[in-house]
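The values are calculated or read from the model by the stated rules, or taken from the named source; none is laboratory data. Fair warning: this is a prediction, and the values are worked out from it, not measured in the lab. So basically every Cβ, Gly included, is an ideal-geometry build from the backbone, and we count neighbours across all protein chains shown.
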Amino acid sequence: MFKIDDREGGGTIKDWFKKTKKIISYLFKDSNFLLGLGVGIMISTLILSSFSYSQIPKYKIEMMARKMGMIYPDEIKAYFEGDKK
């Protein structure tokens, strides 16, 4: 196993890269990790490919938003005191 030095800050980016490189090299040496990673990718691909993505047209989104009470800023009339318009 590898040891990660937990310091209270003060580490440099080089130290972080060295630690990350150690962790990654350790994980990829283990064949069980790679097998699990591959199986996980395959299962997630199958699950995500079963969902269909349908794009809603912008005008339908605007219609639904207006039903919920959306208004544009230029549709709001502001009345100020002393305004004669």
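Only residues that are among the charged types (D, E, K, R) and either within 30 Å of ILE23 (Cβ to Cβ) or in a helix (DSSP H, G or I) (or both) were counted across the range 33-85, and they come to 7.
Looking across the range 16-56, the residues that are modelled with pLDDT of 85 or more and charged (D, E, K, R) come down to LYS18, LYS19, LYS21, LYS22.
For the range 42-85, filtered to residues that are closer than 30 Å to LEU27 by Cα and exposed (fewer than 10 other Cβ atoms within 10 Å of the Cβ), the residue that is nearest to the chain's Cα centre (by Cα) is LEU48.
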